[in-house]
């Protein structure tokens, strides 16, 4: 692959990333309750009737352009997507915290739209350089497959970040649960205290479990659903201990005390593990970035002096 083709591929990737970012930001910027209220107030203040064209033009870009494209791509992709793949995507979206309230069909539509956009951009760029049709189709297909796979990588990073945030917040949440239960509150009320005190992924999961219990769902089912939506071993063990204590009549306060102590120990062990990994991770930047610079600074003047003395012979120059 020549330099020109590498530049074309790089430009196509940059434009494709920009297109995907535009899709994600546009779909995220859908109308909220405040925007709807503002539009209603604007319509109410008008003295003449609003035409259909004005209503359509007043809608945001995501509703006028991106959403119809997304709906068309979603309908097309879901016709050929197996139900098992949709269920697996739904589970991954649950693990990621349902970003932007996307469903599995919408996520597959985003993947298809991203792949098509990157393939079209690559084909147009290859056509401007007068490449052969075979090469244009080959590179366009490869870039399109990459664009189709990029949302999956983004979703995996969202899942990993959410799980890491839950692991960091769990020991503090268990401490607060222990304090509240030992002070006389029920377990459900203690979970509400965690929800009121923090605004993170764990507190939002507690709020959802509390809401499900208020709607009539059993506590053990709500807690198991919460653990399944996180897929974090620490949360699963905590939920299993709470369910077992509830079924056997064991004091929940004692179970929470033991769980909070174990989580603090695990947090300290994780910190020690990361600290021990740090020297190994520092070897590569030290060997390839820091040490060469030090050698140049320290030995560079000495090498220049040796060359000026002519000890190595005039043939060097």
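Could we say that residue 172 is at pLDDT 85 or above, part of a helix (DSSP H, G or I), outside the structural domain of residue 91 (by TED's automatic domain parsing) and over 30 Å from residue 87 (Cβ atoms) here?
Against the criterion (at pLDDT 85 or above, part of a helix (DSSP H, G or I), outside the structural domain of residue 91 (by TED's automatic domain parsing) and over 30 Å from residue 87 (Cβ atoms)), residue 172 qualifies.
Determine, yes or no, whether residue 271 is under 28 Å from residue 94 (Cα atoms) and exposed (fewer than 14 other Cβ atoms within 10 Å of the Cβ).
The answer is yes for residue 271.
State the number of residues belonging to segment 157-176 that are under 18 Å from residue 106 (Cα atoms) and free of Cβ contacts under 8 Å to residues at least 12 places away in the same chain.
Kept after step one, since they are under 18 Å from residue 106 (Cα atoms), are these residues of segment 157-176: 158-159.
Keeping just the survivors that are free of Cβ contacts under 8 Å to residues at least 12 places away in the same chain gives none.
Residues meeting the conditions: 0.
When the residues of segment 197-209 are narrowed to those that are part of a helix (DSSP H, G or I) and under 16 Å from residue 164 (Cα atoms), which ends up nearest to the chain's Cα centre (by Cα)?
For segment 197-209, the residue satisfying everything is 201.
For residue 283, are the conditions met, namely being modelled with pLDDT under 90 and either outside any helix (DSSP H, G or I) or farther than 19 Å from residue 191 by Cα (or both)?
Working: modelled with pLDDT under 90: yes; either outside any helix (DSSP H, G or I) or farther than 19 Å from residue 191 by Cα (or both): yes.
So residue 283 fits the description; yes.
I'd like to know if segment 238-258 contains one or more residues that are out of contact with any helix residue (DSSP H, G or I) (no Cβ under 9 Å at 6 or more places or on another chain) and part of a helix (DSSP H, G or I). Lay out the reasoning, then the answer.
Of all residues in segment 238-258, those out of contact with any helix residue (DSSP H, G or I) (no Cβ under 9 Å at 6 or more places or on another chain) come to 248-249.
Right, trim to part of a helix (DSSP H, G or I) and you get 248.
The answer is yes; a qualifying residue exists.
Could you give every pair whose Cβ atoms fall below 7 Å, whose first residue belongs to segment 265-291 and is within 15 Å of residue 168 (Cα to Cα), and whose second residue is part of a helix (DSSP H, G or I), counting only separations of at least 6 or pairs across chains?
266/234; 267/171
Considering 121, 137, which residue is surrounded by 22 or more Cβ atoms within 10 Å (Cβ to Cβ), assigned to a helix (DSSP H, G or I) and modelled with pLDDT under 85? Reasoning before the result, please.
Numbers: 137 fails: surrounded by 22 or more Cβ atoms within 10 Å (Cβ to Cβ).
Step by step, each of 121, 137 is checked, and only 121 is surrounded by 22 or more Cβ atoms within 10 Å (Cβ to Cβ), assigned to a helix (DSSP H, G or I) and modelled with pLDDT under 85.
When segment 210-236 is examined, which residues are found to be in a helix (DSSP H, G or I), surrounded by 14 or more Cβ atoms within 10 Å (Cβ to Cβ) and free of Cβ contacts under 8 Å to residues at least 12 places away in the same chain?
The one that is in a helix (DSSP H, G or I), surrounded by 14 or more Cβ atoms within 10 Å (Cβ to Cβ) and free of Cβ contacts under 8 Å to residues at least 12 places away in the same chain: 236.
The values are calculated or read from the model by the stated rules, or taken from the named source; none is laboratory data. The shown structure was predicted, so the numbers you read here are calculated from the model rather than taken from an experiment. When we count neighbours, we look across all protein chains shown, and the Cβ atoms used for this are built from the backbone with ideal geometry, even at glycine.
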